[in-house]
Amino acid sequence: MKVFHGEVSSEYLQKAADIFLPIKHHSYKKMNISNGNIIADIGCGPGVDVAELSKMVGKDGEVFGYDHDHEMLKSAIQNCRQLSTIQQANLIQGSAEKLPFRSGLFDSCRSERLFMHLKQPEQTLLEIKRVTKDKGYVVVVETDWASLSIDTQLPGVERTLSHYRMSHMMNNGYSGRSLYRQFKKCGFSHIEVEVFPIIATDINLFYSLSVQQIVEDQALANHAITEQELNYWRTDLQRAATDDSFYACINVLVVSAQKS
């Protein structure tokens, strides 16, 4: 099996962008953005969404991109400059569990694939609610890693690797399935949960998007699986890829709600 080392071609990056772009655009729509709005992207990463959202609020609006990673924010500045939206963008570093904004500042807030990394997801959701205006909108996009399904003759190994990913490589591996409960507990109204299945029939695209090889290598190093099990597993997936029958599926959730 071809070993994935974490570097992907521009073709694969474009495929990944094509997969997630409709979900991103749908999350923007659920924010009900108007010209002149003040909005936030919590866990903004390299600022791709901040740049796009800045165009949507217009010259009279503002977008706050917030992330704990300084290097990510440097990339966000460059992305906003390339799209000439830097004047509308405010990029701030800090922890998602304590947001440095006054209560009721934002017309809407979003986050994308953030909650899986959080040790205190409910505290972060309460903070997002606090900084959102009354009747404002909150949208969370999150991968439901518990829904990952791979067609294989070795379902036991599949379950072992899936459990290892969620319990050892993420702070909040079951984040997707718990969002509805957390939104209810935090007192949001008009909660909607929408499910977007992502299907991969290209094994290399799957490995690059899911960092599957890192999961496998770490599971082996920490004795969650044996070398023999891993070899059988990789041979089985490669056989499916050779037969052009590789299949994997995972759900991405878009949870939207209004602050009561």
In segment 145-182, which residue that is basic (Lys, Arg) and without any contact (Cβ under 8 Å) to a residue 24 or more places away in the chain is nearest to Asp236 (Cα to Cα)?
Arg159
Residues within segment 58-82 that are surrounded by 22 or more Cβ atoms within 10 Å (Cβ to Cβ) and closer than 21 Å to Arg102 by Cα, tallied:
5
Report, by residue number, each residue of segment 233-260 that is of a type outside the set (Gly, Ala, Ser), open to solvent by less than 60 Å² (accessible area, probe 1.4 Å) and in contact with a strand residue (DSSP E or B) (Cβ under 9 Å, 6 or more places away or on another chain).
Leu237, Phe246, Cys249, Ile250, Asn251, Val252, Leu253, Val254, Val255, Gln258, Lys259
Matching residues in segment 31-44 (in a loop (DSSP other than H, G, I, E, B), touching a residue at least 40 places away in the same chain (Cβ under 8 Å) and not β-branched (Val, Ile, Thr)) number 6
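The values are calculated or read from the model by the stated rules, or taken from the named source; none is laboratory data. Everything numeric here is computed off the predicted structure, so don't read it as measured data. All Cβ positions, even for glycine, are placed from backbone atoms using ideal geometry, and neighbour counts span all protein chains on display. Areas reflect the complete protein model, heavy atoms only, side chains present, ligands, DNA and RNA absent. Shrake-Rupley method; radii C 1.70, N 1.55, O 1.52, S 1.80 Å.
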